[in-house]
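Data block below; observations after.
Values quoted throughout were computed directly from the atomic coordinates according to the rules given, and no laboratory measurement underlies them. A quick note: this is a predicted structure, and the numbers were derived from the prediction, not measured. Cβ placement follows ideal geometry from the backbone for every residue including glycine, while neighbour counts extend to all protein chains displayed.
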Amino acid sequence: MQALGFEVLWKGKNFARLMGGLWVALRISLIAVGISLVAGVLMGALMTRKNPVVKALTRLYLETVRIMPQMVLLFLAFFGTTRWFGWNLSGETASVIVFALWGTAEMGDLVRGALESIPRHQYESAAALGLDGKQSFLYVILPQTLRRLLPQVINLVTRMIKTTSLVLMIGVVEMLKVAQQIIEANRMKVPNAAFGVYLTVLVLYFLACWPVSLLAKALEKRWS
Amino acid sequence: MGRELLRIEHLHKEFEGKTVLDDLSLTLREGEVAVIVGPSGCGKSTLLRCVNALEPVQGGSIFLDGEEIHADPRKLPQLRQKVGMVFQSYELFPHKSILDNITLAPRMVQKRGREDAEAEALALLERVGLADRAKDYPRQLSGGQKQRVAIVRSLIMHPALMLFDEVTAALDPEMVREVLDVLLDLAKQGRTMLIVTHEMQFARAVADRILFLDDGGIVEEGRPLDFFDHPKTERAQRFLNTFTFETVKE
Ligand SMILES: Nc1ncnc2c1ncn2[C@@H]1O[C@H](COP(=O)(O)OP(=O)(O)O)[C@@H](O)[C@H]1O
Ligand SMILES: [Mg+2]
């Protein structure tokens, strides 16, 4: 164990700090994922509208958010807003905004695809039973859409959790940042600490994403 | 036969400039069963879809119980409750059990209580011989069973008029009978129905009136015996001939 430098984790409050960092990362992801799932459904519903203006605007939003690397978005949200609008967003707020914007765009596109894959006759048989547009969407179309979406949504959520490691670039002290600090502080005495610490980070990320896939499996089983 | 329930006046329907229904007029009285026959692509499905406004129309008007169907889109859900429609491809909701498929509309649209809706659903399922399948999902049922459920799902809304669009066309031959028997039973109960079918024996048995549709209009109409045994128009004769075979052996 010595050779991998795990022992630095037990020095002082290091492990607690690492967990604190994980919590920061998870907090950002969870809030952003929550917003993205709800806003993404609305976004996806909007994208299936025939109105050309709505179509063009949603398309523009989606492509912009997609083309920009997340890092650039983070810099824009954090430094850009201070410079141009004089806003003083905390790193964490800026991160939540960026991940929510990104997640909404991706989720919206997934929802659009799933909505368009529901046969026209499902809409029609709902309408023929007297359901109005809202009822048909809520009780007939959306539940089928979500079932079809499940695997892709899980993929998106885990990607979002993992990508939060980028927020250290704007000074948010999340898990990866804490890990670097610990390794840095022990550079002289435990030169191998990088292995142990990063390995721990890897396991912690896995543990954070694992329940999501477990939940997905359980849902898939129930819905199949 | 009762009072007038459905009146179609000078209906005109086109798809991207191509006329499909041309100046079509038709009335249906309460309790009447009209069967529409005609070659594939002549506009039978389109006609039914116009009747509950799944298709917009380009001219003419359709009245149900004196109310114009295409007049006000906000009234559509209200009007559609009075018109039940069963499609060739059943279109059950795959994520809902049979019972939930049937009770969704009465509960959400008509705001009936769960117990009340489920009790009626089970009684109707019993009537079509499927009471024991209430908890199953659509994918566990055969085509004929799914179609009977789709009929029940429509019936529970107590529609004044039922539309059936080739409801046996997608079924294996041995399942056709079980579905047609349900329709015959409905006819006996005195329901008002507009039925599109290619089953000529069934049409003869169930119909009060046959409407022969061709080229976007009603070319001939009459009582089943007259129509099938003595078609007046040459087009109807030719159409009926496609259902008979000359023997090839001496
Ligand atoms: N959504 C549509 N768009 C364009 N053409 C259509 C559409 N639906 C039906 N048609 C055309 O209208 C005609 C009548 O179709 P339909 O009512 O389905 O015939 P039927 O049910 O008698 O076989 C056909 O020529 C068909 O190609
Ligand atoms: Mg048809």
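Could you give the dipole magnitude of segment A:63-151 about its Cα centre, charging the beta-carbon of Lys and Arg +1 and that of Asp and Glu -1, in debye to the nearest 20? Present the calculation step by step, with values, prior to reporting the outcome.
Details: 7 positive and 7 negative charges, 9 e Å.
The dipole of segment A:63-151 has a size of about 40 debye.
I'd like the trypsin sites (Lys or Arg not before Pro) in segment B:49-126 restricted to DSSP loop residues with at most 10 other Cβ atoms within 10 Å, sorted by number.
Counting only loop positions with at most 10 other Cβ atoms within 10 Å, the trypsin sites (Lys or Arg not before Pro) in segment B:49-126 are B:Lys111.
Going down the table (A:Lys134/B:Lys135; A:Lys162/A:Lys221; B:Lys13/B:Lys82; A:Lys134/B:Lys111), which pairs top 20 Å between alpha carbons?
Numbers: A:Lys134/B:Lys135 26 Å; A:Lys162/A:Lys221 26 Å; B:Lys13/B:Lys82 22 Å; A:Lys134/B:Lys111 15 Å.
Pairs exceeding the cut-off: A:Lys134/B:Lys135; A:Lys162/A:Lys221; B:Lys13/B:Lys82.
Between B:Arg127 and B:Gln58, what is the label-point separation in nm under the 7 Å Cα-to-beta-carbon projection?
4.0
Quick one: in segment A:2-223, what % of C-alpha pairs are over 24 Å apart?
55
Cut-off 16 Å, label point 7 angstrom out along Cα-to-Cβ of B:Arg29: give me the residues of segment B:219-243 whose amide nitrogen falls inside.
Only B:222-224 fall inside the zone, counting backbone N under 16 Å.
Applying a 10 Å radius around every beta-carbon, put A:212-223, A:173-184 in order of their mean neighbour count, most first. Provide the component values of the computation, followed by the final result.
On the way: A:212-223: 12.3, A:173-184: 20.6.
The most tightly packed comes first, giving A:173-184, A:212-223.
Let's see if you can work this out: charge +1 on each Lys and Arg Cβ, -1 on each Asp and Glu Cβ, no other charges. What is the dipole magnitude of segment A:2-223 about its Cα centre, in debye to the nearest 20? Don't jump to the answer; show the numbers that get you there.
On the way: 23 positive and 11 negative charges, 23 e Å.
Its charge dipole is roughly 120 debye.
Students often get this wrong: which residues of segment B:197-228 have the backbone nitrogen under 12 Å from the point 7 angstrom along Cα-to-C-beta of B:Thr244?
Only B:228 fall inside the zone, counting backbone N under 12 Å.
Using a simple spin-label model with points 7 Å from Cα along the Cα→Cβ vector, what separation in nm is obtained for B:His198 and B:Arg223?
If labels sit at B:His198 and B:Arg223, their model points lie 3.0 nm apart.
Label-point separation (nm) for A:Glu184 and A:Arg120, each offset 7 Å from Cα along Cα-to-Cβ?
It works out to 6.1 nm between the two label points.
Using the charge dipole of segment A:108-196 (Lys, Arg: +1 at Cβ; Asp, Glu: -1 at Cβ; taken about the Cα centre), state which of A:Val190, A:Leu156, A:Leu115 has its Cα farthest towards the positive end.
A:Val190
Could you work out the relative contact order of segment B:4-241, using alpha carbon pairs under 8 angstrom and six or more residues apart, expressed as a whole percent? Show your work: numbers first, answer last.
Details: 416 pairs, mean separation 62.8, N = 238.
For segment B:4-241, the relative contact order is 26 percent.
Out of the DSSP beta bridges found with both residues in segment B:4-241, what percent are antiparallel (nearest 5)?
Around 55 percent of the beta bridges assigned by DSSP in segment B:4-241 are antiparallel ones.
Summarise the partner chain shielding of B:90-97 as one whole number: the mean count of Cβ atoms from other chains within 10 Å of each residue's Cβ. Show your work: numbers first, answer last.
Details: counts 2, 10, 2, 9, 5, 9, 4, 0.
If you average over the peptide's residues, the count of other-chain Cβ atoms is 5.
Over the whole of A:115-128, what's the average partner chain Cβ count within 10 Å per residue? Rounded to a whole number, please.
Working: counts 0, 0, 0, 0, 2, 2, 6, 4, 2, 6, 14, 5, 7, 18.
Mean shielding by partner chains, rounded to a whole number: 5.
Given a Förster distance of 30 angstrom, what is the FRET efficiency for B:Ala205 paired with A:Arg49, based on the Cβ-Cβ distance and rounded to 0.05?
Details: r = 47 Å, r/R0 = 1.57.
With a Förster radius of 30 Å, E is 0.05.
Under 12 Å from a point placed 7 Å out from the Cα of B:His158 along the Cα-to-Cβ direction: which residues of segment B:57-87 have their backbone N that close?
B:82
Let me know the mean shielding of B:103-110 by other chains, meaning the per-residue number of their Cβ atoms within 10 Å of its Cβ. Show your work: numbers first, answer last.
Values: counts 0, 6, 8, 2, 1, 9, 6, 1.
Taking the mean over all residues of the peptide, I get 4.
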